[in-house]
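Asker: I have a structure I would like to understand better, so I am pasting it below and will then ask my questions one at a time.
The values are calculated or read from the model by the stated rules, or taken from the named source; none is laboratory data. Here the structure is a predicted model, which means the values were calculated and not measured. As a convention, Cβ positions derive from the backbone with ideal geometry for all residues, glycine included, and neighbour counts pool all protein chains shown. Note: accessible area is taken over every heavy atom of the protein model, side chains too, but ligands, DNA and RNA are not part of it. Shrake-Rupley method; radii C 1.70, N 1.55, O 1.52, S 1.80 Å.
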Amino acid sequence: MKKVYFLLTIAALGINVHGQKTVDQKVAELLSKMTLEEKVGQMVQYSGFEYATGPQQSNSAAVLEEIKKGKVGSMLNVAGADETRAFQKLAQQSRLKIPLLFGQDVIHGYRTTFPVNLGQAASWDLAMIEKSERIAATEASAYGIHWTFAPMVDIARDPRWGRVMEGSGEDTYLGTQIGLARIKGFQGKGLGSLDAVMACAKHFAAYGAAVGGRDYNSVDMSLRQLNETYLPPFKAAAEAGVATFMNSFNDINGIPATANQYIQRELLKGKWNYKGFVVSDWGSIGEMIPHGYTKDANEAAEKAISGGSDMDMESRVYMAELPKLVKEGKIDVRLVDDAAGRILTKKFEMGLFDDPYRFSNEKRQKEQTDNPENRKFGREFGSKSIVLLKNKGNILPLSKNVKTVALIGPFGKETVANHGFWSIAFKDDNQRIISQFDGIKNQLGKNSTLLYAKGCNVDDQDKSMFAEAVETAKKADVVIMTLGEGHDMSGEAKSRSNIGFSGVQEDLLKEIAKTGKPVVLMINAGRPLIFNWAAENIPAITYNWWLGTEAGNSIADVLFGAVNPGGKLPMSFPRTEGQIPIYYNHYNTGRPAKNNTDRNYVSAYIDLDNDPKFPFGYGLSYTDFKYSDMVLSSTSLKGNQTLNISVTVSNTGKYDGEEVVQLYIRDLFGKVVRPVKELKGFQKIFIKKGESKKVDFKLTPEDLKFFDNDLNYDWESGEFDIMVGTNSQDVQTKRISWTK
Ligand code: BGC
């Protein structure tokens, strides 16, 4: 008992059992020495002088002086052992020598880039996703970076929104699991490890629901919808100890997220008891003026800090206004202490007060530049992200001995484009990026020939290269077309109203198809595209996203069958833009459309089917999987019982392969209406040809909970459909009852 009292006493004093001060105590001591300006300084973040994603007001010389005065807490876009060391030296000239935090957008890899995030999500492979972030963190931290602005855990149901490429798609459950895997990967063994970076759950919140899919646009939705669909990945991230949050550019029901007391104070720092800090998005504090929410910078600072924004990224509003607001008594200094304290806590946890230069290490940086092991993983991960959409007549995999193969399309010999958007660490310093052409050529047999024709540009109306492409196709036994959208046509500020292949690519495809040669179409994109003609007329289609440094090798591994594709779509693919937003877990309505022919006074379009071109969870394999009847442990459950669900999946085809077995439920009636399907589990399994595997799932009442309009989170007695299958449409269903 005495020992317990002793522990309680020292805990209260902020001292740990070894007599050392705890981080809380160190922070309190430091804060007590700081002037108001120094505290606010911790809440200021400027960008280095590259990679601006918004208007930059910086005058570089002035920023350097501010750092020396202790008026800057963090820099973004400052990277590299040299550069971070140089900046840190400036901070060490300040009165209290408080180290800087270096942040950067490490979004899908760093020196080694991996598939764009939506492509990674298509792998449904949590272990690989985690490992990719482990590698990204190891590489980035070796370049002196402490903090990544990732993962983006915004749920997005609108492929017009360019930033879908940066997230995990439309589903809350899948998005939550992937977000958690990413945080684990980034933060590794914990903050303070030399190969860990602080992660950042962004963009808090509902940024992915921008009206019309137009970036930065408003969001207007019920709090129930917000809590049920958009917030769970953030709540899970907070619970998992993500070091930071970033808020978002949008307003939510009229209040900009940056000043949103409900999400940042009441939920995040209140109910969820989150101890990390919140950085604004680029300039989002100042942008509350054009947004029409605050009349000037002074009011913007007041609203932002009251709303829970701890760090001002590039608005330059906090340093200019917060000290005044405190002195005038408009802002309680305790809000500043709390914000600065949260930031300092992370600096202590990262070990920066022990050694501010600990991450700026040239030797590590060299080891992590074009690291062959990382590239090897990148190659594998790339191939696991590819989704096979069609394979009529089993054209794929191709034999390596096809005599003549033609690669046609504007992306065939591209290198840098394979990175996709958000690949900031790429420097044109001879870094090898495997083009699609080289990847295919390297695997083709010695006696085979690979021809190439560009055919057209990515995004113009020039058809002058068509003739050469057609001639090239005519010489080949198989044509591989590489089409899609430009690598820089998805990403931030890359909303598109028309999401077909850009330019004249579809016309090119039609011309090539006329040659009668077998065509394999590879689609490069950061979002779901619309390509109905191709889907109907081209026998084999793979969705390749943008695969990163090793793209060409990953692609060739799938084309020639070294890897059997097992990716599944993380978003519904629409038939036309008119179907957007389109997502599998919609409500039924009182007049559901039963099929695509009866459109009489049902919830349908008179000129368009309701279902997507390719559903959520869809993806083929070179082999065939057969599902046995699912077995439930009970069809009538009570209270806190567990429902066990099992199904046996057999590989009846000719190749070993991976399958993502998906579990959905439907709550048939509720005090608020429930979606027609909700993903509640999935398992990615490898099955050798001719073999079978039993897959088990469990459901508990926790999985049945939902928010009502008073934001109570609970489940109700009733009937539920349990569904298991290979995608969100192709499922088998059994009904159960579950009573409280
Ligand atoms: C983006 C953020 C990003 C930040 C810093 C903003 O424009 O919305 O996601 O982290 O820039 O680059």
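Asker: Note the full-extension length gain between D656 and A562 as 0.36 nm times their separation in residues minus their Cα-Cα distance, in nm to one decimal.
Answerer: 32.8 nm
Asker: How far apart, in nm, are two points set 7 Å out from the Cα along the Cα-to-Cβ line at D624 and at N217?
Answerer: 4.4 nm
Asker: At 1.4 Å probe radius, can you tell me the per residue accessible area of region 625-739 in Å²?
Answerer: 47 Å²
Asker: With every protein chain in place, what's the accessible area of Y655 (1.4 Å probe, Å², nearest 10)?
Answerer: Approximately 90 Å² for this residue.
Asker: Express in whole angstrom the spacing between the alpha-carbon centres of region 23-43 and region 377-448.
Answerer: First find each Cα centre; the distance between them is then 52 Å.
Asker: How far is helix 2-13 tilted off the main Cα axis of the chain, in degrees rounded to 10, range 0 to 90?
Answerer: 80 degrees
Asker: Using the Kirkwood radius built from alpha carbon pairs, what does the Stokes-Einstein equation give as D for the chain at 10 °C and 1.306 mPa s, in µm² per second?
Answerer: 58 µm²/s
Asker: Filter the GluC sites (Glu not before Pro) in region 676-740 down to the DSSP loop ones having no more than 15 other Cβ atoms within 10 Å, then list what survives.
Answerer: Loop-located and lightly packed - E691.
Asker: Along the charge dipole of the chain, which of L335, A62, A237 sits closest to the positive end, that is, farthest toward it, with unit charges on the beta carbon of Lys, Arg, Asp and Glu (+1, +1, -1, -1)?
Answerer: A237
Asker: K638 to K392: FRET efficiency via 1/(1 + (r/R0)^6), r the Cβ-Cβ distance, R0 51 Å, to the nearest 0.05?
Answerer: Calculated transfer efficiency: 0.55.
Asker: A further question follows. Rounded to the nearest 10 degrees, what's the angle between the helix 23-33 long axis and the longest principal axis of the chain, both from Cα atoms, 0 to 90?
Answerer: Compared with the principal axis, the helix lies near 50 degrees.
Asker: A further question follows. Could you please state how large a percent of the accessible area of the chain is carbon and sulfur, counting protein chains only and using a 1.4 Å probe?
Answerer: 49 percent
Asker: Hey, how much of the P(r) for region 448-549 falls beyond 22 Å, as a percent of Cα pairs?
Answerer: Tail of the P(r) past 22 Å holds 28 percent of the pairs.
Asker: OK, next. What is the distance, in nm, between label points placed 7 Å from the Cα along the Cα-to-Cβ direction at Q93 and at K21?
Answerer: 2.7 nm
Asker: Once the Cα atoms of helix 297-306 and of the chain are each reduced to a long axis, what angle between those two axes, in degrees from 0 to 90 to the nearest 10, is obtained?
Answerer: 80 degrees
Asker: Within straight cross-link reach of K390, meaning Cα distance under 15 Å, which aspartates and glutamates are found once same-chain residues fewer than 8 apart are removed?
Answerer: The reachable aspartates and glutamates, counting only those whose Cα sits under 15 Å from K390, are E536, D624.
Asker: Would you mind getting me the FRET efficiency between E702 and K594? Use the beta-carbon distance for r and R0 = 45 Å, nearest 0.05.
Answerer: 0.85
Asker: Further question: Just grab the label-to-label distance for V672 and Y605, each label 7 Å out from Cα along the Cβ direction, in nm (one decimal).
Answerer: 2.8 nm
Asker: Which value, in Å² and to the nearest 10, is the accessible area of M311 when all protein chains are kept and the probe is 1.4 Å?
Answerer: 0 Å²
Asker: If you find the alpha carbon centre of region 549-625 and of region 235-270, how far apart are they in angstrom?
Answerer: Result: 32 Å between the Cα centres.
Asker: Take the Cα pairs of region 625-739, get the Kirkwood Rh, then feed it into Stokes-Einstein at 20 °C and 1.002 mPa s and tell me D in µm²/s.
Answerer: Translational D for this selection: 143 µm²/s.
Asker: So, for region 370-573, what is the accessible surface per residue at a probe of 1.4 Å, expressed in square angstrom?
Answerer: So region 370-573 comes to 34 Å² accessible per residue, rounded to a whole number.
Asker: Separate question: For region 21-364, what is the accessible area per residue in Å², given a 1.4 Å probe and the full set of protein chains?
Answerer: 30 Å²
Asker: Taking the DSSP beta bridges in the chain as the whole, what percent of them are antiparallel, to the nearest 5?
Answerer: Roughly 55 percent of the beta bridges in the chain run antiparallel, per DSSP.
Asker: May I pose another question? Using heavy-atom solvent-accessible surface (probe 1.4 Å) with all chains present, what is the largest-first order of R342, R666, R95?
Answerer: Listed by decreasing accessible area, they come as R95, R666, R342.
Asker: Using a 1.4 Å probe, how large is the accessible area of K384, given in Å² and rounded to the nearest 10?
Answerer: Ignoring ligands and nucleic acids, K384 comes out at about 40 Å².
Asker: Determine one quarter of the surface area of the Cα convex hull of region 370-573, which equals its mean projected area, and express it in nm² to one decimal.
Answerer: 11.3 nm²
Asker: Quick one: if the Förster radius is 35 Å, what FRET efficiency do L194 and R432 give, using the C-beta to C-beta distance and rounding to 0.05?
Answerer: So the FRET efficiency works out to roughly 0.85.
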